[in-house]
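> Sending over a structure as structure tokens; questions will come in a sec.
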Amino acid sequence: MITFRRLECVSIVHSLIYFCLLFSWLGLHNRQPETVILGYTHGCLWIIMALACLYAARMRIIPLRVAVAVAVLGGIGPFFGTVEFIREERRRSRVDSEPASSA
């Protein structure tokens, strides 16, 4: 079952994997096999996240803005999608905490 919270958690894990990939590539001078494993993990996870987020947007679980950030910008860096998930979570908590106006 796809939920906002699960997608957000996977997005954060994806960003951590990507950070480790960048560190392995740049900080450890392209250390093998870590860079290859992290690279394939990032690529596969990006494809899965893109498809899951597009489906979630279609089912109105997440806004289209979040899905586009994950699907389009996620190939460059999954940090964009994670930031959008965090922004959306804050927006939702703000809307939920506002008192209902009586008309």
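> Once the dipole of the range 4-93 is set up with Lys and Arg at +1 and Asp and Glu at -1 on Cβ about the Cα centre, which of Leu22, Ile37, Phe85 lies farthest towards its positive end?
Positive-most Cα among the choices belongs to Phe85.
> Measure nothing fancy, just the Cα-based angle from helix 79-97's long axis to the longest principal axis of the chain, in degrees from 0 to 90, nearest 10.
Roughly 20 degrees, rounded to the nearest 10.
> For the chain, what value does the Rg/Rh ratio take when both radii are computed over Cα atoms and Rh is the Kirkwood radius, given to two decimals? Kindly include the intermediate steps, with their values, before the conclusion.
Details: Rg = 16.1 Å, Rh = 14.6 Å.
Across the chain, the Cα-based Rg/Rh ratio is 1.11.
> Assuming 0.36 nm per residue, please report the length gained on full extension of the stretch Thr41 to Arg6 beyond their Cα-Cα distance.
On the way: separation 35, 0.36 × 35 = 12.60 nm, distance 1.81 nm.
Going from the current span to full extension adds 10.8 nm.
> Counting only C-alpha contacts under 8 Å and six or more residues apart, can you give the relative contact order of the chain as a whole percent? If you can, show how the numbers build up before the last one.
Numbers: 90 pairs, mean separation 28.2, N = 103.
Relative contact order, the chain: 27 percent.
> Moving on to the next point. Calculate how steeply helix 34-58 sits against the longest principal axis of the alpha-carbon atoms of the chain, using the helix alpha-carbon long axis, and give the answer as 0 to 90 degrees to the nearest 10.
Roughly 20 degrees, rounded to the nearest 10.
> Another one. Leu73 to Gln32: extension gain in nm, 0.36 nm per residue of separation minus the Cα-Cα distance? Please list the in-between numbers first.
Values: separation 41, 0.36 × 41 = 14.76 nm, distance 2.65 nm.
Contour length minus Cα-Cα distance gives 12.1 nm.
> Right, something else. Taking loop as defined by DSSP and a crowding limit of 16 other beta carbons within 10 Å, which trypsin sites (Lys or Arg not before Pro) in the range 50-103 fit?
Values: sites: Arg58, Arg60, Arg65, Arg87, Arg90, Arg91, Arg92, Arg94; in loops: Arg60.
Those that pass, being in a loop and sparsely packed, are Arg60.
Every read-out reported here was derived from the displayed coordinates using simple, explicitly stated rules and does not represent laboratory data. The model shown is predicted, which means the values in this text are computed figures rather than measured ones. Backbone-built Cβ (ideal geometry, glycine too); neighbour counts: all protein chains shown.
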